[in-house]
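Right, one structure below, let's go through it.
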Amino acid sequence: MEPTQRSILTSIGVTLRDFPKSIELAYTSHKLVMRLTKEAAGFSNPINMQDNRACFEAWCLIIKAKASDSSLEIELDVDDITVASYPGGKPANGHLGRFLYRILKFSEQYKKWFKLSHDLEEIKEKFKNYLDSNKFVTSAPDKEPKEDIANYNLESYVEYLFCDSISAQKDILNLPSRTTIDRQLPVSLFEGTKPSTTNVVFTRGKSAVDFWAVDGDTINVYELKSDNPMVGIITEIFFYSNYVHDVFISKSLDHGKGHVTTLKDKEETYRSYDKIGGKKVKGIMLSNSNRKGWHSSLDKPTRNKVKEIMNKNDMSEAIQYEFLEYQLNQLKIGGYYISK
């Protein structure tokens, strides 16, 4: 009888009630193999990277943080693929493009304990060669955020409050006064010199950093949750932080100013886009501590350990991470607080 997920995790000292059934696990001495479905990796019928079934970075880090075996190595694989599943060049869709970028960055930065299967390693190298051999462009914001606050959902409203409230920026985000801060930074990527629907590398449309702030020489990147506990917050902040680093700091994705074309074919700048710059990135996972804040797998000791592991990356501290929490009743606008 083959061991179950639960028994495999228990054998390495890990208890996870909500580990997705679609992720297969295998374990032999000091090595855990984690196998995703093709959908989770974007090879077919793609699902979003923050979904429990797809956020491999989050589960790897949580397992690594909880495991009693400090020498545990984790290998990632995808079910029913071969090297030929990605022939190279522009990925078949934006979800696959983000997945290939994520395995590239995660395997580079945590190579002491994270590995890829043989086929994924070959696929990753083909994608790396594609990035190194082509030019890319991003899409800058093309308008200001919607101001119809009455129609915001809770998370959009909280995002708005953080960007609008000097007291929230000071007391919760620990930002100095007059910090440049803005919201909804697109994280799309296109092959070539002009965005179009035919040259998409990463997902477009609503794919965006919730909000960001330039704090001295550091670009703070925030992934916000409000009564929406997800382990995928880790995967999102990992992708966004690396994207911001590669676009605005190392410029390894051949970034210029981002591409914005109005009807008059004149370039304009929105949401303080032209002020984004620095030498480092801090990826901040921000969730409320009251009501339904953090996912059950992310209790405070686990968050502290995950943060420690994430910050021991091979980026020479160019990218660092932090968990930060707030209470909804700390936020107010027009003199009125969000209720508990």
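As an exercise: evaluate Glu191 against (1) more than 26 Å from Ser226 (Cα to Cα); (2) over 22 Å from the mean Cα position of the chain (by Cα); (3) modelled with pLDDT of 90 or more and give the number of the one condition it does not meet.
(2)
Scanning the range 208-236 for residues that are among the polar types (S, T, N, Q) and surrounded by fewer than 20 Cβ atoms within 10 Å (Cβ to Cβ), which turns out nearest to Phe19 (Cα to Cα)?
Asn228
Out of the residues in the range 291-332 that are modelled with pLDDT under 95 and of a type in the set (Lys, Arg), which is nearest to Asp246 (Cα to Cα)?
Lys292
Being surrounded by fewer than 18 Cβ atoms within 10 Å (Cβ to Cβ), under 23 Å from Pro229 (Cβ atoms) and touching a strand residue (DSSP E or B) at 6+ places or on another chain (Cβ under 9 Å) narrows it down to one of Ser22, Ser11, so name that one.
Working: Ser11 fails: under 23 Å from Pro229 (Cβ atoms).
Going through Ser22, Ser11 in turn, the sole match is Ser22.
Among the listed residues Asp164, Asp119, Asp142, identify the single one that is in the same structural domain as Gly97 (by TED's automatic domain parsing) and surrounded by fewer than 18 Cβ atoms within 10 Å (Cβ to Cβ). Break it down stepwise before answering.
On the way: Asp164 fails: in the same structural domain as Gly97 (by TED's automatic domain parsing); Asp142 fails: in the same structural domain as Gly97 (by TED's automatic domain parsing).
Matching residue, one of Asp164, Asp119, Asp142: Asp119.
Looking at the range 216-232, I want the residues that are farther than 16 Å from Cys55 by Cα and have a partner that is β-branched (Val, Ile, Thr) and assigned to a loop (DSSP other than H, G, I, E, B) with Cβ atoms under 7 Å, at least 6 apart or on another chain. Which pairs are those?
What qualifies is Ile219/Ile276.
Looking only at the range 84-98, how many residues end up being hydrophobic (A, V, I, L, M, F, W, C) and surrounded by 15 or more Cβ atoms within 10 Å (Cβ to Cβ)?
Step one: list which residues in the range 84-98 are hydrophobic (A, V, I, L, M, F, W, C), which gives 84, 92, 96.
Filter once more, keeping what is surrounded by 15 or more Cβ atoms within 10 Å (Cβ to Cβ): 92, 96.
Count: 2.
Scan the range 167-182 for residues that are touching a Leu at 6+ places or on another chain (Cβ under 9 Å) and either within 18 Å of Ala208 (Cβ to Cβ) or of a type in the set (Val, Ile, Thr) (or both) and jot them down.
Scanning the range 167-182 gives Ile172, Thr179, Ile181.
Between a first residue in the range 46-63 that is in the same structural domain as Leu298 (by TED's automatic domain parsing) and surrounded by 24 or more Cβ atoms within 10 Å (Cβ to Cβ) and a second residue that is assigned to a loop (DSSP other than H, G, I, E, B) and among the polar types (S, T, N, Q), which pairs have beta carbons less than 9 Å apart while being 6 or more apart in sequence or on different chains?
Correct list of pairs: empty, since none qualify.
So, in the range 87-144, exactly how many residues are in contact (Cβ under 8 Å) with a residue 60 or more places away in the chain and assigned to a strand (DSSP E or B)?
3
For the range 29-76, which positions are under 15 Å from Tyr101 (Cα atoms) and in contact with a strand residue (DSSP E or B) (Cβ under 8 Å, 6 or more places away or on another chain)?
Across the range 29-76, the qualifying residues are Ala40, Ala41, Phe43, Ala54, Phe56, Leu76.
Of the conditions (1) farther than 18 Å from Gly283 by Cα; (2) in contact (Cβ under 8 Å) with a residue 12 or more places away in the chain, Phe211 satisfies every one except a single condition; which number is it?
Every condition holds for Phe211 apart from (1).
The values are calculated or read from the model by the stated rules, or taken from the named source; none is laboratory data. Because the structure is predicted, anything quoted here is derived from the model rather than measured. Every residue, glycine as well, gets a Cβ built from its backbone with ideal geometry; the counts of neighbours run over all protein chains shown.
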